[in-house]
Amino acid sequence: MPTTVDLGGLSAVTWTYDGRLPGKELRAKAGDVVQVVVENSLPVETSVHWHGVRLHNAADGVPGITQDAIASGSTFTYTFKAPDPGTYFFHPHSGVQIDRGLYAPLIVEDPDEPGRYDQEWVLVLDDWTDGVGKSPDDILAGFKAQNGTVGSGMNHGMGGMGGMGDSPLGDVGDIAYPHYLINGRIPSAPHVLTAKPGQRARVRMINAAADTLFRVALGGHSMTVTHTDGYPVQPMATKSLYLSQGERVDMLVTLGDGVFPLVAEAEGKNGQAMIVIRTSSGSTPAADIHPSELDGDPLLLSTLMPTDSARLPQREPDQVEQVTLNGQMQPYAWGMNGKAFGSDTPMRTSPGKRLRLQMTNMTMMAHPMHIHGHTWSLPSNGGLRKDTVLVLPMQTVTADLEADNPGKWAYHCHNIYHAEIGMMTTLQY
Ligand SMILES: [Cu+2]
């Protein structure tokens, strides 16, 4: 419902789940049946999508594809089994509502988790404008007013906006937000997590931002990545990493003695989010602190390797589909296979097939591509499992999936403005 939230001495009227930002975390054990009753007290219709969860199609929460939108004043009950452990989240699949305060973690615990950590923290990253800058709907209306069309070929038109910085990844965002948040707070009034020196912390991180890719580092520490998008990877130590919209990462950190900023810098933009980890006395880091760990070569999660337990059985594809990502900033238009969603041709396969998608990014911007109801296996990386994969400008990413969950599934860019303007299609079988 419409709520006033305190972002840290700065209040904003926005939409949230149960008045909280982020919404209250949902926790289940792998195999549990989850039931959530959604009462829509927003002034508009909505929906809830369980991002990354391999659930049955009717519970996927995409109006026009898997259900009718939940009308203002009405109720909808989602019931689904959460089969796979991991770090997930939920958000509306209606317009640009995710760019307000409507998001919350969904943690599916592993009954066989070794649990070798002392602390477990869930961090949600976000870019923020609602109630303090332009509303997400106004931003979208501005893009729509450009009346752009999606070409099917290559586009070398430059993206970006004034005041945006450079990224080695190319263009990664369209919007300069006034604020960036971790767990609902701006960096001048951050949350503080406390622990003891030498303790091991498991950090689950979710990027719920609409248009921002973050570069993340923890001052004075290296981080050992253990999972991405819910699935275990061969542990990889890094000083910094990239987390794109819709991606999740789990990592283990052995904590030093002191006060440490965990910073999420808005890649290619000006601004950052921060949360503080405190294991002894000392002053709180300044809002603009820049840990030197940010300056290295951040890890791209799509370069990780899976554990053996995470791999799909080895198998050659039965069907190969080429997918192009198209569009440009000016006039603003984004699509897949040369079409905007609505005039697209759905992709079809049949149950039991191993489907290979070859996604080629024909644009000058990176796109975090997300598949519903499945988790891809990336053959370039030993079968790394991901449901959201960042496709860099002019790059081709090959992603396989097992067609073992029939239905009509959304497949789109997780830059929510790109998706909403047309960078979306469906996979049907
Ligand atoms: Cu995109």
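The values are calculated or read from the model by the stated rules, or taken from the named source; none is laboratory data. No experiment lies behind these values; they were computed from the predicted model shown. Neighbour counts are summed over all protein chains in view; Cβ atoms, including those assigned to glycine, are modelled from backbone coordinates with ideal geometry. For the accessible areas, the whole protein counts, side chains as well, though only heavy atoms, and no ligand, DNA or RNA atoms are used. Shrake-Rupley method; radii C 1.70, N 1.55, O 1.52, S 1.80 Å.
Here are some notes:
- Test: residue in segment 410-425 that is more than 16 Å from the ligand (Cβ to nearest atom) and touching a residue at least 24 places away in the same chain (Cβ under 8 Å): no
- Any hit, segment 83-106, residues being assigned to a strand (DSSP E or B) and open to solvent by 50 Å² or more (accessible area, probe 1.4 Å): no
- Figure legend. Inter-residue proximity from segment 207-221: first residues open to solvent by 10 Å² or more (accessible area, probe 1.4 Å), second residues of a type in the set (S, T, N, Q), beta-carbon distance below 7 Å, spacing 6+ or different chains. Indicated pairs: Arg215/Ser240.
- Among the residues of segment 120-135, just one is touching a Leu at 6+ places or on another chain (Cβ under 6 Å) and open to solvent by 10 Å² or more (accessible area, probe 1.4 Å), namely Trp121.
- Residue match in segment 332-339 (condition: out of contact with any strand residue (DSSP E or B) (no Cβ under 9 Å at 6 or more places or on another chain) and within 13 Å of the ligand (Cβ to nearest atom)): yes
- Condition check for Ala273: open to solvent by 30 Å² or more (accessible area, probe 1.4 Å), in the same structural domain as Leu125 (by TED's automatic domain parsing) and among the hydrophobic types (A, V, I, L, M, F, W, C): no
- Leu299 meets the conditions (1) crowded, with 17+ Cβ neighbours inside 10 Å; (2) within 16 Å of the ligand (Cβ to nearest atom) in every case but one. The failed one is (2).
- Restricted to segment 200-281, the set of strands (runs of 3 or more DSSP E) holding at least 2 residues that are over 18 Å from the mean Cα position of the chain (by Cα) comprises 200-207, 223-228, 231-238, 248-254, 259-266, 272-278.
- The listed residue being open to solvent by less than 30 Å² (accessible area, probe 1.4 Å) and among the β-branched types (Val, Ile, Thr), out of Thr363, Thr345, Thr396: Thr363
- When Ala82, Ala69 are checked against the criterion of being out of contact with any His (no Cβ under 7 Å at 6 or more places or on another chain) and either more than 25 Å from Pro136 (Cβ to Cβ) or among the hydroxyl-bearing types (Ser, Thr, Tyr) (or both), a single residue qualifies: Ala82.
- Number of residues in segment 370-385 that are farther than 26 Å from Tyr417 by Cα and in a loop (DSSP other than H, G, I, E, B): the value is 2.
- Matching residues, segment 318-337, being buried (at least 16 other Cβ atoms within 10 Å of the Cβ) and in a loop (DSSP other than H, G, I, E, B): Met329, Tyr332, Asn337
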